[in-house]
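A.B. asks: What follows is a structure written as structure tokens; I'll ask about it next.
The values are calculated or read from the model by the stated rules, or taken from the named source; none is laboratory data. Keep in mind it's a predicted model, so treat the numbers as computed, not measured. Cβ placement follows ideal geometry from the backbone for every residue including glycine, while neighbour counts extend to all protein chains displayed. In case anyone asks, the SASA skips ligands and DNA or RNA and just uses the protein heavy atoms, side chains included. Shrake-Rupley method; radii C 1.70, N 1.55, O 1.52, S 1.80 Å.
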Amino acid sequence: MLIYGRNPVLEAIREGRVSRVWVARGVEAWLLRELEKLNVDYEQVPRIELDQRLRTTHHQGIAAEVAELRFSDPEAPFELARKRGETPLLVLLDGITDPRNYGAIIRSALALGAHGVVSEERRSAPLSALVLKASAGTALKLPLVQVKNMARYLEELKKRGVWVYGAAGEAAKDLEALDYRRPLAIVIGSEGEGLRRLVAERCDELLRIPMHPEAESLNASVALGILLYRVRLGRV
């Protein structure tokens, strides 16, 4: 598959995933120096050629060919938590279909210490170059898992001792009222519809983020960032 954007391409090069690299003529000299520092061969082409090949003008002057992005094994987040010696923290997505949101969520999850991001096969943005770009390359660094049925997956998590907290604007408890020291999965729903009923019913707790009365809702990645930061504070 083709990926684009400076951070995603440079990260893929560092991870050893790249087979070819194209750079638009006229890009900044620092980018060429970085590629030479990484000892990677690249081909310079007219910018319009990248526009046409990628079907976007938002490539920042660089593209690469990599193997298809693949989802991780469901055990990968727990293995990462064990490797770090940390209490498991998963991010679960219920209906996030916008690839930019998906990528931004992955970026926040990595930055704030989550061990994996889990989505459902039928109700999620697919792994793509746009997701990788929106994640600033972090989609290559964090386990991304896909499951067939989110409600059933919540039951499996609870059987292995993971508590499930769902974000819901109508929840009675706010984020200050819960215990974050236990193994956790934080569930984020779509911005328009929130959590589906079957998913919400299987959460151990529903929580809300206190907001100004004039504010209707938060972007999913912003809400997740607030919740994960609260988890970090609760684990200090």
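A.B. asks: Quick one: if you stick a label point 7 Å off each Cα along the C-beta vector at D179 and R82, how many nm between them?
C.D. replies: 2.4 nm
A.B. asks: Quick one: work out the % antiparallel among DSSP beta bridges in the chain, nearest 5.
C.D. replies: 25 percent
A.B. asks: Using every alpha carbon pair in segment 97-236, what percent of pairs falls into each 5 Å bin from 0 up to the bin containing the largest distance?
C.D. replies: Values per bin, smallest distances first: 2, 10, 20, 24, 23, 15, 6, 1, 0.
A.B. asks: Now a separate question. Taking the Cα centroid of segment 183-202 and of segment 69-103, what is the distance between the two, rounded to the nearest whole Å?
C.D. replies: Spelled out, the Cα-based centre of one part sits 15 Å from the other.
A.B. asks: Which whole-percent values make up P(r) of segment 23-132 when all C-alpha to C-alpha distances are grouped in 5 Å steps starting at zero?
C.D. replies: 2, 10, 16, 16, 15, 14, 12, 10, 4, 1
A.B. asks: Tell me, what is the percent relative contact order of the chain, built from C-alpha pairs under 8 Å that lie six or more residues apart?
C.D. replies: 20 percent
A.B. asks: Determine the alpha carbon to alpha carbon distance for each of K37/K83; K148/K173; K83/K158 and list only those over 26 Å.
C.D. replies: Distance filter (> 26 Å) returns K37/K83; K148/K173.
A.B. asks: Tell me, what is the FRET efficiency for E214 and T97 to the nearest 0.05, using R0 = 22 angstrom and their Cβ-Cβ distance as r?
C.D. replies: For R0 = 22 Å, the calculated efficiency reads 0.20.
A.B. asks: Here is a further query. Find the percent of Cα-Cα distances in segment 124-203 that exceed 20 Å, and round it to a whole number.
C.D. replies: When all Cα pairs of segment 124-203 are counted, 45 percent exceed 20 Å.
A.B. asks: While we're on this one: Assuming a viscosity of 1.306 mPa s and a temperature of 10 °C, what translational diffusion coefficient in µm² per second does Stokes-Einstein assign to the chain, Rh being the Kirkwood radius over Cα pairs?
C.D. replies: Here the translational diffusion coefficient equals 84 µm²/s.
A.B. asks: Treating the beta-carbon of each Lys and Arg as +1 and of each Asp and Glu as -1, no other charges, what is the dipole magnitude of the chain about its Cα centre, to the nearest 20 debye?
C.D. replies: My answer is approximately 480 debye.
A.B. asks: At a probe radius of 1.4 Å, what is the per-residue accessible area of K173, in Å² to the nearest 10?
C.D. replies: Here the residue's solvent-accessible area equals roughly 80 Å².
A.B. asks: Next question. If we count every other residue with Cβ under 13 angstrom of L233's Cβ, Lys/Arg +1 and Asp/Glu -1, where does the sum land?
C.D. replies: With Lys, Arg at +1 and Asp, Glu at -1, the neighbours total +2.
A.B. asks: Right, here's the next one. Straight-line reach from K133: which aspartates and glutamates have Cα under 16 Å away, leaving out those fewer than 8 places along the same chain?
C.D. replies: E11, E15, D51, E65, E68, D98
A.B. asks: Now, a different point. Looking at segment 1-30, which GluC sites (Glu not before Pro) are in a loop (DSSP not H, G, I, E or B) and have at most 11 other Cβ atoms within 10 Å?
C.D. replies: Within segment 1-30, the qualifying GluC sites (Glu not before Pro) (loop, at most 11 other Cβ atoms within 10 Å) are E28.
A.B. asks: Taking the simple approach of a point 7 Å from Cα along Cα-to-Cβ for both R47 and L198, what is their distance in nm?
C.D. replies: If labels sit at R47 and L198, their model points lie 4.9 nm apart.
A.B. asks: Please report the net charge: other residues with Cβ closer than 12 Å to the Cβ of A167, K and R +1, D and E -1.
C.D. replies: Local net charge: -2.
A.B. asks: With a cut-off of 8 Å between alpha carbons and a minimum separation of six or more residues, what is the relative contact order of segment 65-176 in percent?
C.D. replies: 27 percent
A.B. asks: Let me ask something else. Using the per-residue mean of other Cβ atoms lying within 10 Å as a proxy for protection, in what order, highest first, do the peptides 156-168, 211-223, 177-189 fall?
C.D. replies: Result, highest mean first: 177-189, 156-168, 211-223.
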